[in-house]
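Student: Would you mind keeping the following structure in view while I ask a few things?
The values are calculated or read from the model by the stated rules, or taken from the named source; none is laboratory data. Fair warning: this is a prediction, and the values are worked out from it, not measured in the lab. Glycine also receives a Cβ, built like all others from the backbone with ideal geometry; neighbour counts cover every protein chain displayed. Heavy atoms of the whole protein, side chains included, go into the accessibility calculation; ligands, DNA and RNA do not. Shrake-Rupley method; radii C 1.70, N 1.55, O 1.52, S 1.80 Å.
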Amino acid sequence: MSPHDRQEQDDLDALGEKIRRSKDRHGRERMDGARHASPLGVAFRIMTELVVAVMAAVLAGWGLDSYFGTWPWMLLVFTPLGMAAGVLNVLRAAKALDDADFGQTASGDSARRKNNDAWTKDDEKDR
Amino acid sequence: MATEAGARAAGEAAAALNPLEQFEIHRLLPIRIGNIDLSFTNSSLWMFITIGVVALFLLGGGARLVPGRWQSAKEIIYEMMSSMTRDMLGEKGRPFFPFVFALFMFILTANMLGLVPYSFTVTSHIIVTFAMALFVFVLATVVGFVKHGLGYLKLFSPSGVHWVMKIILVPIEIISYFTRPISLSVRLFANMMAGHTMLKVFAGFVIGLGLIGGWAPLAMMVALTGLEVLVAALQAYVFAMLTVIYLNDAINMDH
């Protein structure tokens with residue numbers, strides 16, 4: 001490696017460091033902003049979880065009824081189960097959104113960093 | 001009085017310009033094998049165009065040390081998806097990254113191409129989104145059983161619950177599990193279809209109200225188009241994110 005090359009390498013490293021620092025400063029905010037940019041989207045997401053579970057359960061009950069000829073018992077069993085499943089889905093979705101917003105706990109962060117390091121190291125090996 | 005006449009004209013125009021016409025499927029190349037209709041339709045055509053655009057976008061733009069705009073765009077998307085997969089799945093999720101990335105790129109590009117006038121929105125048909133969601137669902141289920149064997153069924157049985165409660169809770173969990181592909185597909189399809197129908201309806205108002213009153217719906221349309229771009233990107237992201245969440249359940253069995 002000639003002195004010129006080394007100089008260039010140092011410059012690139014300095015530039016990389018500068019970009020990384022700038023990204024650390026601005027990147028996180030931008031990503032988090034994108035994550036909950038649209039309250040309407042969140043509302044829609046939660047709503048589909050509820051509606052779809054009920055609809056799927058009603059259809060499943062209806063289908064089983066017409067297949068086994070047990071009208072209306074399957075429908076009566078499946079509809080409340082579907083409603084409960086819908087509520088469960090909504091709770092899970094809301095919890096997932098909560099985790100995305102406030103989930104930067106100490107343990108999660110360190111686990112994430114460990115993962116990142118593992119990937120980065122692998123990437124370097126690949127190169 | 002002028003507005004009344006305008007409103008009536010707008011109503012007629014909106015009725016004449018059917019806002020749902022854009023979702024019609026046309027056979028471009030009728031193919032029939034036995035009783036199965038395998039025609040090459042406008043939907044198939046736009047799927048091919050989508051794949052072509054994705055390929056063009058990812059292969060072009062160069063690969064320089066200091067990236068240009070095109071290359072930066074590629075790298076930002078790649079890094080966003082890779083960091084999301086890595087954060088949620090960890091090291092074990094690495095084999096699934098190409099799948100998640102391909103899915104994201106396809107949906108994002110299909111959504112964006114759908115905003116081009118006279119184009120066809122592939123993702124506005126529930127059968128297309130459902131096919132994708134079903135693939136994700138089957139993949140996650142197969143991965144779950146391969147990794148954990150029959151232990152994957154523990155996903156349906158919440159821990160620390162009395163067995164009497166489990167009689168009720170297990171069916172609920174199972175239904176909740178099976179609604180995943182449906183909610184995944186309905187969300188994407190409904191967002192795309194609702195947005196495009198709304199744009200078409202407002203476009204009908206612009207024509208109906210003419211030069212005098214047409215400016216208000218036109219301004220609304222500009223705003224809506226901006227919103228649609230956001231929705232197109234967000235829905236692609238949500239689809240990819242939920243895919244990763246379902247894969248996470250299968251790989252790491254969190255709850």
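Student: In the range B:148-163, what count of residues is obtained for those that are within 15 Å of B:Asn252 (Cβ to Cβ) and among the aromatic types (Phe, Trp, Tyr)?
Tutor: Total satisfying the criteria: 1.
Per-residue answers, yes or no, for (1) hydrophobic (A, V, I, L, M, F, W, C); (2) away from chain A (no Cβ under 11 Å); (3) open to solvent by less than 60 Å² (accessible area, probe 1.4 Å):
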site: B:Val164; (1), (2), (3): yes, yes, no
site: B:Leu169; (1), (2), (3): yes, no, yes
site: B:Val201; (1), (2), (3): yes, yes, yes
site: B:Trp215; (1), (2), (3): yes, yes, no
site: B:Val231; (1), (2), (3): yes, no, yes
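Student: For the range A:38-86, how many residues meet the condition of being under 23 Å from B:Leu184 (Cα atoms), open to solvent by 60 Å² or more (accessible area, probe 1.4 Å) and at pLDDT 90 or above?
Tutor: 7
Student: Considering B:Gly144, B:Gly210, which residue is crowded, with 19+ Cβ neighbours inside 10 Å and more than 24 Å from B:Ser124 (Cα to Cα)?
Tutor: B:Gly144
Student: So which of B:Gly210, B:Gly151 ends up being over 24 Å from B:Gly93 (Cα atoms) and either among the small types (Gly, Ala, Ser) or assigned to a helix (DSSP H, G or I) (or both)?
Tutor: Residue meeting the stated conditions: B:Gly210.
Student: Tell me which residues, restricted to the range B:217-229, are open to solvent by less than 40 Å² (accessible area, probe 1.4 Å) and under 15 Å from the mean Cα position of the chain (by Cα).
Tutor: Across the range B:217-229, the qualifying residue is only B:Glu228.
Student: Let me ask something else about it. How do the pairs read when you match residues in the range A:79-96 that are within 7 Å of chain B (Cβ to nearest Cβ) with residues anywhere that are open to solvent by 30 Å² or more (accessible area, probe 1.4 Å), using Cβ under 6 Å and keeping only pairs 6 or more apart or on different chains?
Tutor: Close Cβ pairs (under 6 Å, with a partner that is open to solvent by 30 Å² or more (accessible area, probe 1.4 Å)) amount to A:Leu81/B:Pro171; A:Gly82/A:Val54.
Student: Condition (residue is under 14 Å from the mean Cα position of the chain (by Cα), under 26 Å from A:Gly41 (Cα atoms), open to solvent by 20 Å² or more (accessible area, probe 1.4 Å) and of a type in the set (Val, Ile, Thr)) applied to the range B:177-185: is it met by at least one residue?
Tutor: The answer is yes; a qualifying residue exists.
Student: Among the residues of the range B:29-47, which ones are surrounded by 10 or more Cβ atoms within 10 Å (Cβ to Cβ), of a type in the set (Val, Ile, Thr) and outside any loop (DSSP other than H, G, I, E, B)?
Tutor: Matches in the range B:29-47: B:Thr41 only.
Student: Which members of the range B:60-110 meet the condition of being within 14 Å of another protein chain (Cβ to nearest Cβ) and at positive phi?
Tutor: Hit for the range B:60-110 is B:Gly90, nothing else.
Student: Then there is this: Which one is nearest to the other protein chains (Cβ to nearest Cβ) among residues in the range B:186-199 that are open to solvent by 20 Å² or more (accessible area, probe 1.4 Å) and of a type in the set (A, V, I, L, M)?
Tutor: B:Val186
So that you can scan it fast, the table gives a plain yes or no per residue for (1) open to solvent by less than 90 Å² (accessible area, probe 1.4 Å); (2) in contact with a Pro (Cβ under 9 Å, 6 or more places away or on another chain); (3) modelled with pLDDT of 85 or more; (4) of a type in the set (D, E, K, R):
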| residue | (1), (2), (3), (4) |
| --- | --- |
| B:Gln22 | yes, no, no, no |
| B:Gly60 | yes, no, yes, no |
| B:Lys74 | yes, yes, yes, yes |
| B:Arg86 | yes, no, yes, yes |
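Student: Condition test on A:Glu17, is it modelled with pLDDT of 85 or more and more than 30 Å from A:Trp71 (Cβ to Cβ)?
Tutor: Yes: the conditions hold for A:Glu17.
Student: Further, regarding this structure: Scan the range B:99-124 for residues that are polar (S, T, N, Q) and part of a helix (DSSP H, G or I) and report the count.
Tutor: Adding up the residues that qualify gives 4.
Student: Against the condition part of a strand (DSSP E or B) and free of Cβ contacts under 8 Å to residues at least 24 places away in the same chain, how does B:Leu56 come out, does it pass?
Tutor: No, not satisfied.
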